[in-house]
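The values are calculated or read from the model by the stated rules, or taken from the named source; none is laboratory data. Quick caveat, the model's predicted, so the values are computed rather than measured. So basically every Cβ, Gly included, is an ideal-geometry build from the backbone, and we count neighbours across all protein chains shown. Just so you know, the surface numbers come from the protein's heavy atoms only, side chains and all, with ligands and any DNA or RNA stripped out. Shrake-Rupley method; radii C 1.70, N 1.55, O 1.52, S 1.80 Å.
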Amino acid sequence: PVSDVHGVHTSGTVGGGGILNPLYRGMAPKARLVTNDFSNILVNAPIYFSDYKMVLTNNSYFSGLAGCPGEGDYDALSNYVDSQLRAFPKMMHVFAAGNDGSIGCSPFPTGFGTIKSGFQTAKNALTVGGFNNSNYTVYTSSSRGPVDDGRIKPEVVAGGVNIISTFPGNGYGGLTGTSMASPTVTGILALLYERYRQLNSGSDPDAALIKALVSNSADDQGNPGPDFTFGFGMINARTAVEAMEGHHYFTDSVVNNGTSSFTIPSIPAGA
């Protein structure tokens, strides 16, 4: 069935071992995969966090309203994800943005305002768009922001066109869509979690830190700065881990309508 191909393919992108062909191994080939069907992975995430120390999920599906009426809505499903991630601050859910980038949803230009409703619009999750690997343009059908309340989605993009990964029956094959971009990002996050543990006596990072690292270290694409097509840009694992290793981050909090200032002591020439 198509769903079997889709699930096996996305799983291989995260953690395939490359046993038949090392060229096609996943992003985190030594990761332990916990698989489930569709949103049951979210429902069972607290149990898997306890039983397997599962800190990341890849979600290449959607459960909201189809078509323009539901695009960009922050609804009960969005709230469910945000509430869970607040309760489990070390956990991150990664979602494919959707493949509605070829449709027009008034009043936006064609392609914009097409982020899938439900899980994809959650504030604490990481939503991923897809680009064409050959020329670094956005994949035509990749859903784009803004969401209904004006927030930037997707946060980052990754390759989503003809991605080669595992197929059922001990084979490999190519598929296209934001479903393929999302597991690439999830696998990169797994490597960042691993590196953080190496640097911090085995402890896990806050998922918000990991989200901030990959967003702010991404390679800018499209319009200068964050935009509704590429988000903060193309995810760059190397710059993200270098920012982590250099401890180029800090954690703080601010109350509603409050302000908080931080002084950067020095900026290297050319940075």
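Overview of results
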| item | result |
| --- | --- |
| Subset of region 93-116 [surrounded by fewer than 23 Cβ atoms within 10 Å (Cβ to Cβ) and either of a type outside the set (G, A, S) or touching a strand residue (DSSP E or B) at 6+ places or on another chain (Cβ under 9 Å) (or both)] | N99, G101, I103, C105, P107, F108, P109, T110, G111, F112 |
| Members of region 123-139 found to be within 19 Å of T10 (Cβ to Cβ), of a type outside the set (S, T, Y) and at pLDDT 95 or above, listed by number | A125, L126, V128, G129, G130 |
| Filtered residues of region 145-177 (kept if part of a strand (DSSP E or B), polar (S, T, N, Q) and surrounded by fewer than 24 Cβ atoms within 10 Å (Cβ to Cβ)) | S165 |
| Any hit, region 236-249, residues being farther than 21 Å from L126 by Cα, open to solvent by less than 80 Å² (accessible area, probe 1.4 Å) and not polar (S, T, N, Q) | yes |
| Scope region 1-47; condition polar (S, T, N, Q), part of a helix (DSSP H, G or I) and open to solvent by 40 Å² or more (accessible area, probe 1.4 Å); matching residues | S3, N40 |
| Unmet requirement for P226, which otherwise passes all of (1) open to solvent by 60 Å² or more (accessible area, probe 1.4 Å); (2) closer than 17 Å to E242 by Cα; (3) within 17 Å of the chain's Cα centre (by Cα) | (2) |
| Yes/no for G202 being of a type in the set (G, A, S), open to solvent by less than 90 Å² (accessible area, probe 1.4 Å), more than 18 Å from A28 (Cα to Cα) and not in a helix (DSSP H, G or I) | no |
| Criterion (part of a helix (DSSP H, G or I) and hydroxyl-bearing (S, T, Y)) met by exactly one of T239, T251, T263 | T239 |
| Residue among S39, S11, S78 that is within 17 Å of the chain's Cα centre (by Cα) and under 19 Å from G231 (Cβ atoms) | S78 |
